[in-house]
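Here's the structure, in structure tokens; my notes come after.
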């Protein structure tokens, strides 16, 4: 294995993109892999998606362990486990599965969990996960229709975890992490600001592969330059995008507001809503500046219903994309983004930068839209204007500069 290859295992697609873009910013060649064979480039960050978030813990552990073994076979010498920044879903199972696989090479490995992402309002104070200062169980994440978060204390969300307070220099923190990791196998750490994440990243880097970081893109951003040599420059994006296809698969209240604001801000936006089942006739589209494709209204619950809705959305998106030939896709929501890219025949996304905090930018590799710019955005964050701002940034960026927040 090589320390020059970082494996990122993520529980959904938008999270994978948001995480691996942090390595792209630090100069790593960064791929979000949609197939089964990660690229073997040197100094590469490779993100794979398990779709484990809605699974039960046992199934999530199996999916995550399999993904980690695949990354190890591809030469990953470092591992990052990307979880939801609000701890939605099967985080316990994902951590267990990652450690089971990683310990085949590193028997003393332990997990260092910190979902903090201060730039997006996620912080951890005295072991409690906060969203804009409110304990997470009292926010929209606690009302999530698929994976609601019922607790806010990380040690309750991760039974058996040991809390390590932040503070002190990186060497001191590394010693405390190692001591706690030997006792419990999973350690949770406070972080209320970027400086805390910086100290934690430095401690994880000092500990080497035995410490497996588990978190959101916030911790990944702090780790990426510390795991590299600091000499590489980010890859510049390509030319700007005028015609944009926006695909809304998330039913999160934040995403729904963002879609409504897009239609209000751009009155000429053409809107298509997917049927509950895949359709056979393609819609009339033309080549408008902005097209919004929306997921079907929910008519049931459960995984099978969600899969049918994602398939219907993917079919409609493929038909619209074939007709309109957009310069860029904006995919809102992880499950739908996964289905859409699969339907379009994409092998991977080469991630090169971002168009807003938490909104990575890449280019599709493979399929009929090869080379097309693609933006992925998780459903549950941002202001009402986030998608409007993303489109403005997409249309204004040049081939020589990344649009960073």
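Per residue, the Cα convex hull of segment 2-227 amounts to 99 Å³.
Using Cα pairs closer than 8 Å and at least 6 residues apart in sequence, work out the relative contact order for the chain, in percent. Don't skip to the end; give the middle numbers.
Working: 977 pairs, mean separation 74.5, N = 405.
After rounding, I find 18 percent.
The angle between the Cα long axis of helix 253-265 and the main principal axis of the chain comes to about 40°, on a 0 to 90 degree scale.
Between residue 105 and residue 287, how high is the FRET efficiency from 1/(1 + (r/R0)^6) when r is the Cβ-Cβ distance and R₀ = 56 Å? Nearest 0.05.
The computed FRET efficiency comes out at 0.65.
The mean sequence distance of close C-alpha pairs (under 8 Å, at least 6 residues apart), as a share of the length of segment 244-396, puts its relative contact order at 29 percent.
Axis of helix 194-207 versus longest Cα principal axis of the chain: the two differ by about 60°, to the nearest ten degrees.
Computed with the Debye formula from one identical point scatterer per Cα of segment 244-396, without solvent, the log10 of I(q)/I(0) at q = 0.16 Å⁻¹ comes to -0.81. In segment 111-179, Rg over Rh equals 1.02, where Rg is the alpha-carbon radius of gyration and Rh the Kirkwood radius from pairwise Cα distances.
List the relative contact order of segment 2-227 as a percent without decimals, with contacts defined as Cα pairs under 8 Å and 6+ residues apart. Spell out each step's value before the answer.
Details: 514 pairs, mean separation 51.7, N = 226.
Rounded, it is 23 percent for segment 2-227.
Compute and list, largest first, the equivalent-ellipsoid semi-axes of the chain from the alpha carbon gyration tensor, each √(5λ) rounded to a whole angstrom.
34, 22, 20
On a per residue basis, the convex hull of the C-alpha atoms belonging to segment 155-273 measures out at 179 Å³. If one takes the longest principal axis of the Cα atoms in the chain, at what angle in degrees, from 0 to 90 and to the nearest 10, does the Cα axis of helix 303-324 lie? Tilt relative to the chain: about 50 degrees.
Over the residues of the chain, the helix contribution to mean residue ellipticity at 222 nm works out to -11000 deg cm²/dmol, using -39500 (n - 2.57) for each DSSP H run of at least 4.
Which order do the peptides 151-160, 187-196 take when ranked by the mean count of other beta-carbon atoms within 10 Å per residue, highest first?
Values: 151-160: 17.3, 187-196: 20.1.
For the peptides 151-160, 187-196, the packing ranking is 187-196, 151-160.
Each peptide in 79-92, 203-216, 252-265 was scored by the mean count of other Cβ atoms within 10 Å over its residues; highest first, the order is 79-92, 203-216, 252-265.
Per-peptide packing, taken as the mean over residues of other Cβ atoms within 10 Å, places 102-115, 5-18 in the sequence 5-18, 102-115 from highest down.
No value in this document is a laboratory result; all are computed from the given coordinates. All values reported here derive from a predicted model rather than from experimental measurement. All Cβ positions, even for glycine, are placed from backbone atoms using ideal geometry, and neighbour counts span all protein chains on display.
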